[in-house]
1. State, as an integer percentage, the relative contact order of the chain based on alpha-carbon contacts under 8 Å between residues 6 or more apart.
2. Helix 2-26 against the longest principal axis of the chain: what's the angle in degrees, Cα atoms only, rounded to the nearest 10?
3. About its Cα centre, what dipole magnitude does the stretch 46-93 give when the only charges are +1 on Lys and Arg Cβ and -1 on Asp and Glu Cβ, stated in debye to the nearest 20?
4. Express in % the proportion of alpha carbon pairs of the chain at distances exceeding 26 Å.
5. Quick check on the chain: helices-only [θ] at 222 nm, where DSSP H runs of length 4 and up contribute -39,500 (n - 2.57) each and the sum goes over total residues. Nearest 500, please.
Amino acid sequence: MSKKILITIGIILAVVLTSAVTYALTNPSMEQKHKPSDYKIGIKYDEAVQSDKPMMALFYVDWCGYCLKFMPKYKTISKIYKDKYNVVMLNAEDPANKELVEDVVLSGFPTLYIIDPKYDNRILLNNGIYQDMKKLRVELDRYLRIRGLLDLVPVN
């Protein structure tokens, strides 16, 4: 009888430990985010516009599952490029962003732009690019190279 009890306890412990390890691996931060605005990435748009650096501007809405899925990638890319780009998150449904949202073209969510106030330039990044981290980095680096060339051209 005691052998059956020990086997049963062993099985229960194995199931509990397996569940705990699986949960820890799938939720490493243990802080689950339920909507994109739970992520606090970057600076405010008004600050970014005043800076000399170009910005990565992410337009999102809180009800968008694709936006929520993209946020960990955006967080990672923001850490990689924090010295070269200002990183901005803009809720497209926030009334404070209404004028900018009407001025840019949003065909869906999330929408990612490179906005460069210095050269009054906006580049819409296709979602096929920013869903692939390698392709996204290629485009971000490409813009920085082109901007570097523009910086070399004398202004008359």
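1. On the way: 153 pairs, mean separation 35.0, N = 156.
Here the relative contact order equals 22 percent.
2. 0 degrees
3. Details: 7 positive and 6 negative charges, 78 e Å.
Using only the charged Cβ atoms, the result is roughly 380 debye.
4. Numbers: 4778 of 12090 pairs.
Looking at the chain, the distances longer than 26 Å represent 40 percent of pairs.
5. Working: 6 runs with 77 residues, N = 156.
Calculated mean residue ellipticity at 222 nm is -15500 deg cm²/dmol.
None of the figures in this text is laboratory data; all of them are computed from the coordinates on show. Note that the coordinates shown come from a computational prediction; the quantities given were computed from them, not determined experimentally. Every residue, glycine as well, gets a Cβ built from its backbone with ideal geometry; the counts of neighbours run over all protein chains shown.
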